[in-house]
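The values are calculated or read from the model by the stated rules, or taken from the named source; none is laboratory data. Just so it is clear, the structure is predicted and the values come from calculations on it, not from any experiment. Cβ placement follows ideal geometry from the backbone for every residue including glycine, while neighbour counts extend to all protein chains displayed.
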Amino acid sequence: MLIPILIMSCMGLLFGLGLAFASNIFRVELDPRIERILGALPGANCGACGKAGCAGLAEAIAKGDMSFTSCPAGGEEAYNQIAEIMGVEKETVARKVARVKCGGGNRAKNKYEYKGVGTCAAASLIAGGEKLCNFGCLGFGDCVKACPFDAIYMGKEGVPVVDAGKCTACGKCVSGCPKNIISLEKASEAYYVKCLSRDKASLVSNACKAGCIACKICEKLSKGAFTVEDNLSRLDYGKVDNEAVLKLCAEKCPTKCIIQL
């Protein structure tokens with residue numbers, strides 16, 4: 001028994017020395033900044049940056065492959081911390097929030113009764129969904145399920161509502177909406193048109209009580225800030241001189257599709 005034990009011991013010693021030698025030869029030096037950057041990131045692993053998780057982004061930032069502002073959920077505090085770790089100049093990034101461009105929901109008519117799988121993705125495959133307006137929200141809450149920060153919920157009108165305080169502009173709700181009615185916009189821009197329908201006014205009026213009917217009242221009042229194209233009002237904040245005008249446009253809008261957050 002002694003000889004086999006000695007042989008096994010010697011083999012174990014040789015293998016151990018071999019592994020130690022190999023680990024020294026093939027050792028990969030880890031950038032100590034990666035762990036620090038990872039600590040500055042929110043840790044949501046939402047994938048909004050394009051990486052599988054925060055660890056992948058931290059490594060990419062440390063290598064210089066991605067900007068220190070690549071994490072949409074990070075916010076200015078995280079950006080400042082990472083900039084300090086990387087030894088680069090801090091940068092002010094305009095905060096964005098998700099905005100739902102539809103006010104229809106329960107106020108929009110249906111063109112048929114849908115009894116299929118209760119998701120927007122499934123419903124949209126049948127003639128674009130049950131809503132008479134082809135540009136509107138289907139109301140099954142795919143965006144709510146997609147949000148990793150609990151920043152969006154279904155409102156009483158049957159359309160999603162964004163909690164701006166919780167929203168990190170990660171974009172998950174945007175990609176989760178098959179109707180493309182959610183966009184990321186600057187949080188500082190308080191007013192927007194809550195409709196995306198490009199149908200003629202007669203069709204919009206028949207389909208939804210909350211849609212833009214291209215009446216051009218906002219265009220006349222705002223002196224260029226609002227313009228009506230393809231039967232839809234659009235707001236250019238670069239042409240806004242006074243937000244009081246936007247407030248007036250919102251008050252005069254006959255369908256109340258111009259809203260203030």
_Residue that is nearest to D163 (Cα to Cα), among those in segment 185-200 that are at pLDDT below 95 and of a type in the set (G, A, S)_ = A187
*asked:* Please determine whether any residue of segment 240-259 is modelled with pLDDT under 95, surrounded by fewer than 17 Cβ atoms within 10 Å (Cβ to Cβ) and either touching a Phe, Trp or Tyr at 6+ places or on another chain (Cβ under 7 Å) or closer than 29 Å to A73 by Cα (or both).
replied: yes
*Any residue in segment 82-99 that is touching a strand residue (DSSP E or B) at 6+ places or on another chain (Cβ under 7 Å), closer than 29 Å to N180 by Cα and among the β-branched types (V, I, T)?*
yes
_Name the residue that is surrounded by the fewest Cβ atoms within 10 Å (Cβ to Cβ), counting only residues in segment 101-133 that are among the small types (G, A, S) and touching a strand residue (DSSP E or B) at 6+ places or on another chain (Cβ under 6 Å)._
A108
*Among the residues of segment 31-74, which ones are of a type in the set (S, T, N, Q) and within 20 Å of G87 (Cα to Cα)?*
S67, T69, S70
*asked:* One residue is enough: does segment 152-159 have a residue meeting the conditions of a type in the set (F, W, Y), at pLDDT 95 or above and within 22 Å of L261 (Cα to Cα)?
replied: yes
_Filter result for the condition that a residue is free of Cβ contacts under 8 Å to residues at least 12 places away in the same chain and either part of a strand (DSSP E or B) or of a type outside the set (G, A, S) (or both), over E113, E91, E77_ = E77
_Exclusive hit being surrounded by fewer than 17 Cβ atoms within 10 Å (Cβ to Cβ) and over 18 Å from A146 (Cβ atoms), set K166, K209_ = K209
*Could you pull out the residue among G136, G158 that is small (G, A, S) and in contact with a strand residue (DSSP E or B) (Cβ under 6 Å, 6 or more places away or on another chain)?*
G136
